[in-house]
1. Which of the following residues is of a type outside the set (A, V, I, L, M, F, W, C) and within 25 Å of residue 49 (Cβ to Cβ): 152, 186?
2. Considering each residue of the stretch 122-153, count those that are aliphatic (A, V, I, L, M) and over 30 Å from residue 75 (Cβ atoms), and give that number.
3. Does any residue of the stretch 147-155 turn out to be more than 28 Å from residue 199 (Cα to Cα), free of Cβ contacts under 8 Å to residues at least 12 places away in the same chain and touching a strand residue (DSSP E or B) at 6+ places or on another chain (Cβ under 7 Å)?
4. Among the residues of the stretch 50-99 satisfying the criterion of being among the acidic types (Asp, Glu) and open to solvent by 60 Å² or more (accessible area, probe 1.4 Å), which is modelled with the lowest pLDDT?
5. Taking the residues in the stretch 100-115 that are of a type in the set (A, V, I, L, M) and not in a strand (DSSP E or B) as candidates, determine which candidate is least open to solvent (accessible area, probe 1.4 Å).
6. Residues being under 12 Å from the mean Cα position of the chain (by Cα) and basic (Lys, Arg): count how many of those fall in the stretch 69-118.
7. Within the stretch 73-99, how many residues are in a loop (DSSP other than H, G, I, E, B) and either within 16 Å of residue 42 (Cα to Cα) or of a type in the set (A, V, I, L, M, F, W, C) (or both)?
8. Taking strands (runs of 3 or more DSSP E) that fall entirely within the stretch 116-206, which contain at least 2 residues that are open to solvent by 50 Å² or more (accessible area, probe 1.4 Å) and within 22 Å of residue 59 (Cβ to Cβ)?
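The values are calculated or read from the model by the stated rules, or taken from the named source; none is laboratory data. Quick caveat, the model's predicted, so the values are computed rather than measured. A quick note on method: Cβ atoms are made from the backbone with ideal geometry, for glycine too, and the neighbour counts reach across all protein chains shown. Quick note on the areas: whole protein, heavy atoms, side chains included, nothing else; ligands and nucleic acids left out. Shrake-Rupley method; radii C 1.70, N 1.55, O 1.52, S 1.80 Å.
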Amino acid sequence: MSMRPSVIALATLSLLLALAAPQSRAQEDHADDETAAAPAEPPTTRGRDEATAAVGQAGMTFELGSGFRVFVPAGLPIGDARRMRVATARAALNPAHVAEGFRRVGPIVSFDGAINATRSPVVVSLRQPRDPGRANLRLVLAMEQATICREGLDPLPNVANLCSGWELVDATWTDGRIEARLPAPGGYRLVFGTVPVPAEPAATEE
């Protein structure tokens, strides 16, 4: 006795679906792998004069109303929830204590993230419509750090027996922003500025 056409058609459809299922599952698994491999953008924390957040392996972007930005990249050795704070600093700053001829550009900002960022530097930037650099001026980010006290240095607030020292990090201006990269942030204040480029010594006649 022969099978009815409807039974044959049903059996054929079931066989085709069974053969197609492994391929569909493989395509779905591949799509899931691609989605998992795509790196997520670090979250952003914003504030007018202060931004505070727990930073983990995803990294973080801190933004202030002044246009000052601190980008902490993902994957740094900081654990899963390191509290960090970026805020406008109110304390006065004597430019001569930073470097001879230093001229400030933009706000003074405190960043307490003293972390090891040699794997991927922390990127500090500031919105600045015009390039403040000149042929005779070096554009820098002044990074405050603790140092041994000596004459002419200011004591660090709430830190015993240590004073404020400053390290100058080269900065660049591109597309309306000043930017500098810090492999080892000091954990204190940051401020952009310019310093005079030392004059080249005059050539001597032999």
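1. Details: 152 fails: within 25 Å of residue 49 (Cβ to Cβ).
Among 152, 186, only 186 is of a type outside the set (A, V, I, L, M, F, W, C) and within 25 Å of residue 49 (Cβ to Cβ).
2. To start, the set of residues in the stretch 122-153 that are aliphatic (A, V, I, L, M) comprises 122-124, 126, 135, 137, 139-143, 146, 148, 153.
Retained after the next criterion (residues that are over 30 Å from residue 75 (Cβ atoms)): 135, 137, 148, 153.
So the answer is 4.
3. yes
4. Going residue by residue through the stretch 50-99, those that are among the acidic types (Asp, Glu) are 50, 63, 80.
Next, from what is left, pick out any that are open to solvent by 60 Å² or more (accessible area, probe 1.4 Å): 50, 80.
On the way: 50: 98, 80: 89.
Among those residues, the one meeting the criterion is 80.
5. Start the filter on the stretch 100-115 by keeping residues that are of a type in the set (A, V, I, L, M), which leaves 105, 108-109, 114-115.
Restricting the remaining residues to those that are not in a strand (DSSP E or B) gives 114-115.
Values: 114: 54, 115: 13 Å².
Applying the filter and picking the extreme gives 115.
6. 1
7. Looking only at the stretch 73-99, we keep the residues that are in a loop (DSSP other than H, G, I, E, B), and these are 73-81, 89-94, 99.
Next cut, either within 16 Å of residue 42 (Cα to Cα) or of a type in the set (A, V, I, L, M, F, W, C) (or both) only: 73-81, 89, 91-93, 99.
Residues meeting the conditions: 14.
8. Working: elements: 122-127, 137-148, 162-170, 172-174, 177-182, 189-196.
Per the criteria, 172-174, 177-182.
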